[in-house]
Amino acid sequence: MSPLEQLQAKIEQGDLHSARQLALRLIGRGTRLPEPWEQLAWIDYRLGDVRSSLASLEEATLLGPLSERSRILIAYAHAHAGRNELAIDLLDLAIGPFDEDETRTLQPQDRLLAATTYALVGRYDLALRSCRQVAEA
């Protein structure tokens, strides 16, 4: 099993503290891949450290394109920090405006994070729409 697979396994098992240590070891080895940084961002998010999560996502962007899921998380982190316009712009880039692509396929947990982000910035109409898409899927 590769180190990235080991990291994913620890996350799936819910062993976030061990997963965080493994991600930091991978990063400390000078990896040029964005995945360990993205995984660290998700771990920190799940541990409630949005600021560290955002910092890790910013590092990941220097190494390669972010996954769609991580682009939603970076929008959430900016909304959490009160940067509402930036959060909406980032969501539009990550998942597209609702009026452009109603059929876009996202994982339910990603759609719900987008809904939470919309709610944080006061766009309750879009939050509700996003939740409905999860319920209808």
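The values are calculated or read from the model by the stated rules, or taken from the named source; none is laboratory data. Predicted model, so just to flag it, every value in this text is computed and none were measured. Quick reminder, even Gly has a Cβ in these numbers, built from the backbone with ideal geometry, and neighbours come from all protein chains shown. For accessibility, only protein heavy atoms count, side chains too; no ligands or nucleic acids. Shrake-Rupley method; radii C 1.70, N 1.55, O 1.52, S 1.80 Å.
Tabulated data for the structure shown
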quantity	calculated
10 Å Cβ shell holding at most 10 others, DSSP loop, GluC sites (Glu not before Pro): longest site-free stretch of the chain	1-99
Protein-only accessible surface order, largest first, of SER2, SER56 at 1.4 Å	SER2, SER56
Choice from GLN13, GLN39, GLN21 showing the highest fluctuation, given a GNM over the chain with Cα pairs closer than 10 Å	GLN13
³J(HN,Hα) computed for each position of the stretch 120-137 - Karplus, 6.51 cos²θ - 1.76 cosθ + 1.60, integer Hz, glycine/proline x	4, 9, x, 9, 5, 4, 6, 4, 5, 4, 5, 5, 4, 4, 5, 5, 7, 6
Ranking by accessible area, most exposed first, for TYR45, TYR124, TYR76, TYR118 with a 1.4 Å probe	TYR124, TYR45, TYR76, TYR118
Whole-number percent relative contact order across the chain, with pairs defined as alpha carbons under 8 Å at least 6 apart	15 percent
Per residue accessible area of the stretch 44-89, 1.4 Å probe, in Å²	52 Å²
Theoretical ellipticity at 222 nm over the chain - DSSP helices of four or more residues, -39500 (n - 2.57) apiece, nearest 500	-23000 deg cm²/dmol
Protein accessible area in the chain, 1.4 Å probe - carbon and sulfur %	50 percent
Largest to smallest accessible area among ARG132, ARG32, ARG111 [probe 1.4 Å]	ARG32, ARG132, ARG111
Inverse mean reciprocal Cα-Cα distance (Kirkwood Rh) of the chain, Å	15.4 Å
